[in-house]
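Notes to accompany the following structure.
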Amino acid sequence: MSTLLIEHSISDFNTWHDAFGRFAARRKEGGVLRERIMQPVDDPHYVLIDLEFANVEAARRFQQFLETEVWSNPANSPALEGTPRSRIADIAPVRLN
């Protein structure tokens, strides 16, 4: 499993969440298996999103979609402030002594 980790500032959570919801079908088509939205307890104008995929390649494709079609178009990303930060992570191997 690979996770696309995304974080960014927002101007209004409800506006942002409505826009996020409009891409639910695209997330499913893009291979998202699980999603989680979080906010720092001390900052209502910031979101952290985890999108889980079966593999790194699917996560990369979806990251590219977000960068080229969502985040670059203000109509697709209302309430987004600044440039989102995203990276792909895998579960680190655990060594047993």
From the list Glu35, Glu52, which one is surrounded by 12 or more Cβ atoms within 10 Å (Cβ to Cβ) and either touching a Lys or Arg at 6+ places or on another chain (Cβ under 6 Å) or of a type in the set (Val, Ile, Thr) (or both)?
Glu52
Looking only at segment 38-49, and only at residues there that are touching a helix residue (DSSP H, G or I) at 6+ places or on another chain (Cβ under 9 Å) and under 14 Å from Pro84 (Cα atoms), the one that is most open to solvent (accessible area, probe 1.4 Å)
His45
Search segment 20-32 for residues being open to solvent by 40 Å² or more (accessible area, probe 1.4 Å) and charged (D, E, K, R), and hand back the single one that is modelled with the lowest pLDDT.
Arg22
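The values are calculated or read from the model by the stated rules, or taken from the named source; none is laboratory data. Small disclaimer: the values here were computed from a predicted structure and weren't measured. Positions of Cβ are backbone-derived with ideal geometry, glycine not excepted, and every protein chain shown enters the neighbour counts. Protein only, heavy atoms only, side chains kept; ligands, DNA and RNA dropped before computing areas. Shrake-Rupley method; radii C 1.70, N 1.55, O 1.52, S 1.80 Å.
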